[in-house]
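Enquirer: Here you go, one structure.
Derivation of every value follows stated rules applied to the coordinates shown; laboratory data play no part. Given the structure is predicted, the values throughout are model-derived calculations rather than measurements. Neighbour counts run over all protein chains shown; Cβ positions are idealised from the backbone, glycine included.
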Amino acid sequence: MTVLRMDHAGLVVEDLAAAVAFFAELGLEPEGEAAVGGDWADRLLGLEGVEADIAMMRTPDGRSRVELSAFRSPAPLAARPGAPVNVPGIPRLTFVVDALDDVLTRLRPHGAELVGEVAQYQDQCRYAYVRGPAGVVLGLVEELG
């Protein structure tokens, strides 16, 4: 038995509309939104009284998706959005982008903040980490050459 594919990565956010706008600005395409809840969601998540809104965002190549979830019930626990990137369990997603500086400029009005600075790895790529919605760390890679 082997894994067939990775279906999606999921992120819990506080403001679903803002998170959708952030990832849309990055270049992901909205795939759909839904409200979820009920017995099946309670059993799946090990919580009681689940009510959440979700949005699926798809990469332009159609091969990857990000699920954004905003819980109405039960109330979300306090997040650690400013935790250092070396803390175990901090979510980090990495995307290859065509023009890193342009992407950074477009994401700043949506709350993106550099974690460190833009760094170049040999002649292979330029790389930056930014904090996005709910403190998730996004790796942004511009391939060179």
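Enquirer: Let me have the 222 nm mean residue ellipticity of the chain computed from DSSP H runs of 4+ only, each contributing -39500 (n - 2.57), with the sum over all residues rounded to the nearest 500.
Expert: Using -39500 (n - 2.57) per qualifying helix, the result is -5000 deg cm²/dmol.
Enquirer: Dipole size in debye (nearest 20) for the chain around its Cα centre, Lys and Arg Cβ +1, Asp and Glu Cβ -1?
Expert: 320 debye
Enquirer: With charges only on Cβ, +1 for K and R and -1 for D and E, what is the dipole size of the stretch 9-73 about its Cα centre, in debye, rounded to 20?
Expert: Approximately 220 debye in magnitude.
Enquirer: Which one, Gly38, Phe23, Ala9, is farthest towards the positive end of the dipole of the stretch 9-73 when Lys and Arg carry +1 and Asp and Glu -1 on their Cβ?
Expert: Positive-end residue among those listed: Ala9.
Enquirer: Given N residues in the chain, what is Rg(Cα) / (2.2 N^0.38 Å)? Don't jump to the answer; show the numbers that get you there.
Expert: On the way: Rg = 16.3 Å, N = 145, 2.2 N^0.38 = 14.6 Å.
Taking the Cα Rg and dividing by 2.2 N^0.38 Å, one obtains 1.12.
Enquirer: Still on this structure, please answer the following. From the backbone phi of the stretch 12-27, what are the Karplus-calculated ³J(HN,Hα) couplings (6.51 cos²θ - 1.76 cosθ + 1.60, θ = phi - 60°) in whole Hz, Gly and Pro given as x?
Expert: 8, 10, 8, 10, 5, 4, 5, 5, 4, 4, 4, 6, 5, 5, 5, x
Enquirer: Most exposed first by the Cβ proxy, i.e. fewest other Cβ within 10 Å, how do Phe95, Phe71 rank?
Expert: On the way: Phe95 16, Phe71 21.
The fewest-first ordering by Cβ neighbours comes to Phe95, Phe71.
Enquirer: Next question, about the same structure. Give the residue list of GluC sites (Glu not before Pro) in the stretch 51-134 that are DSSP loop and have at most 13 other beta-carbon atoms within 10 angstrom.
Expert: Glu117
Enquirer: Can you give me the relative contact order of the chain as a percent, contacts being Cα pairs under 8 Å and 6 or more apart?
Expert: Over the chain, the number comes to 23 percent.
Enquirer: In which sequence would Arg131, Arg72 go, from the one with the fewest C-beta neighbours within 10 Å to the one with the most?
Expert: With the fewest neighbours first, Arg131, Arg72 line up as Arg72, Arg131.
Enquirer: Could you tell me what fraction of 2.2 N^0.38 Å the Cα radius of gyration of the stretch 92-143 comes to, as a two-decimal ratio?
Expert: 1.04
Enquirer: Another question, then. Going by how many other beta carbons lie within 10 Å of each one, how would you line up Ile90, Ile54, fewest first?
Expert: Sorted ascending by nearby Cβ count, the order is Ile90, Ile54.
Enquirer: Among 9-17, 30-38, how do they line up from the highest to the lowest mean number of other beta-carbon atoms within 10 Å?
Expert: Descending mean neighbour count gives 9-17, 30-38.
Enquirer: Here's another thing I want to ask about it. Hey, for a label at Met6 modelled as a point 7 Å past Cα toward Cβ, could you say which residues of the stretch 37-78 have their backbone N under 20 Å away?
Expert: 55-69
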